[in-house]
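Worksheet: one structure, shown below.
Where a number appears in this text, it was derived from the coordinates with a stated rule and is not lab data. Being a predicted model, the structure only gives us computed values, none of them experimental. All Cβ positions, glycine included, derive from the backbone under ideal geometry; neighbour counts span all protein chains shown.
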Amino acid sequence: MGSIQFSCLNDSSRWQNVSSRSVALRGIGDSSTRSIGDLDARIGQASDLDCADQQQDEYGKYKGELDASVLKTARGEFRFQPGADTAEHVTMVQRSPSYVLSLPGKDVLADKLIGKVPAKFLFPALRWKNVLGASLLFNLSRRAPKLIKALLRKGVRSQLPADFDVDTHFAPTYDPWDQRLCFVPNGDLFKALRGGNASIATGRIDTFTERGLRLESGEELEADIIITATGLNVLAIGGMTLTVDGSRINLSDTVAYKGMMLSGVPNFALTLGYTNASWTLKADLVARYVCRLLNHMAERDYQMVTPVLADSTAAVDPIIDLKSGYVLRSLDELPKQGPATPWRLHQNYPRDVVMMRHGPVDDSVRFDRVPAKDRQPA
């Protein structure tokens, strides 16, 4: 099937007269953050969340004296206080509340069993324990949202002072898992809030000021360092363009096949992980499925494989079933999903294991052979 090239940036892929035999793999990523207010008006220091440690090193001589504002991330976890243990005070600024759940930073069961149970049995069992636990929480959230909402609120309330305004900072207007649930390792967010060296401000940002930032409510938050961690935009397939027989493919006109290929696009696979579980669980399934598919094609001397949507009039839905702002902003730029397998993303790892590892590779696809004289090098 040709060679595989690593560490390469591909900004476009073209298929002409179905003669290419290369296989392209791509993922769904995110672009840089959106601007918030007038950042140029901010006199002081602003940094991205991923550069926070470096910023803290630069200001190390001021440890214990700096105030920092962290704009809440939409990545599904609360990376709350880079350097909060050394800053005088950290304020997390959020436009709206999220559901928050504390989880232990270590797997206690795993720590007890390592060395006592053979690794080949232990680690698959631990993986399935975690997968099924996450799946149970997600499905209960969808089927009994009021129950899960009450349990999450009770968990938050139990870790905060009695006078803390939970309704303002931890009571979203949506149901659990309409947007991604936020996890806090070892409850460090709540420890910081209880200790008084951290706080939360909820509201829309009006603008940055010389002293920090101002919310639309008029409240001004002073900060020596502002760490931006919000406003990402989904960048499908890394921003590359797809062209088939001279016509540019509009991703929003395609339907995802098994969550990893696109209708009408030959020899192209992408990785779209789970929104309700570890992203890499689906990435692993996709990689193994692509290998199965390539072997199937090589054994039968096929050079082309194209997902074919039999009923182009079937109802379609957004490929990502979340109501987060970064998802809603990008719906017009993403593929769709169909009503049933293999055109449906079920967000269900056990179900996908059966389909991706043990299911057929020749369903709803068309295979083609290309004459040797017309084949292009990979």
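In this simple spin-label approximation, Thr173 and Asn295 carry label points 7 Å from Cα along the Cα→Cβ vector, and these lie 5.2 nm apart.
Please compute the net charge surrounding Ile148, taking Lys and Arg as +1 and Asp and Glu as -1 over other residues with Cβ under 12 Å from its Cβ.
On the way: positive: Arg142, Arg143, Lys146, Lys149, Arg153, Lys154; negative: Asp175, Asp178.
Computed value for this residue: +4.
How much length is gained on full extension from Arg357 to Leu140, taking 0.36 nm per residue of separation minus their Cα-Cα distance? Let's see the in-between values first.
Values: separation 217, 0.36 × 217 = 78.12 nm, distance 2.67 nm.
Taking Arg357 through Leu140 to full extension adds about 75.4 nm, to one decimal.
Once the C-beta distance of Leu103 and Glu219 is scaled by a Förster radius of 41 Å, the resulting FRET efficiency is 0.85 to the nearest 0.05. Computed on segment 311-378, with alpha-carbon pairs under 8 angstrom and 6+ residues apart, the relative contact order is 25 percent. Here's the picture: charge each Lys and Arg Cβ at +1 and each Asp and Glu Cβ at -1 in segment 221-378, and of Pro339, Thr228, Gln303 the one pushed furthest to the positive end of that dipole is Gln303. Think of segment 97-242 as a dipole: +1 on every Lys or Arg Cβ, -1 on every Asp or Glu Cβ, centred on the Cα centre; then among Leu101, Leu215, Trp128, Trp128 lies furthest on the positive end.
Each residue, Val166 and Leu126, gets one label point 7 Å from its Cα in the Cβ direction; the gap between the two is 3.3 nm. As a proxy for reagent exposure, ranking Ile114, Ile319 by other Cβ atoms within 10 Å from fewest up yields Ile114, Ile319. Computed from phi, the 3J(HN,Hα) profile of segment 168-183 under the Karplus parametrisation 6.51, -1.76, 1.60 (θ = phi - 60°) reads 7, 9, 9, 10, x, 7, 9, 7, x, 6, 5, 10, 5, 6, 9, 10 Hz, with x in place of Gly and Pro.
Assuming R0 = 25 Å, what is the FRET efficiency of Leu151 and Asp317, from their Cβ-Cβ distance, to the nearest 0.05?
Numbers: r = 29 Å, r/R0 = 1.15.
Calculated value: 0.30.
Express in nm, to one decimal, how much length is gained between Asp253 and Asp332 on full extension, taking 0.36 nm for each residue of separation and deducting their alpha carbon distance. Display every interim value, and only then the final one.
Details: separation 79, 0.36 × 79 = 28.44 nm, distance 0.93 nm.
The Asp253-Asp332 span can extend by a further 27.5 nm.
Hey, what did segment 301-340 get for relative contact order, percent, Cα under 8 Å, at least 6 apart? So the answer I get is 46 percent. Normalised by the number of residues in segment 125-281, the mean separation of alpha-carbon contacts (under 8 Å, six or more apart) gives a relative contact order of 15 percent. Show me the GluC sites (Glu not before Pro) within segment 202-284 that DSSP assigns to loop and that have at most 15 other Cβ atoms within 10 Å of their Cβ. When the GluC sites (Glu not before Pro) of segment 202-284 are filtered for loop state and at most 15 Cβ neighbours within 10 Å, Glu210, Glu216, Glu219 remain.
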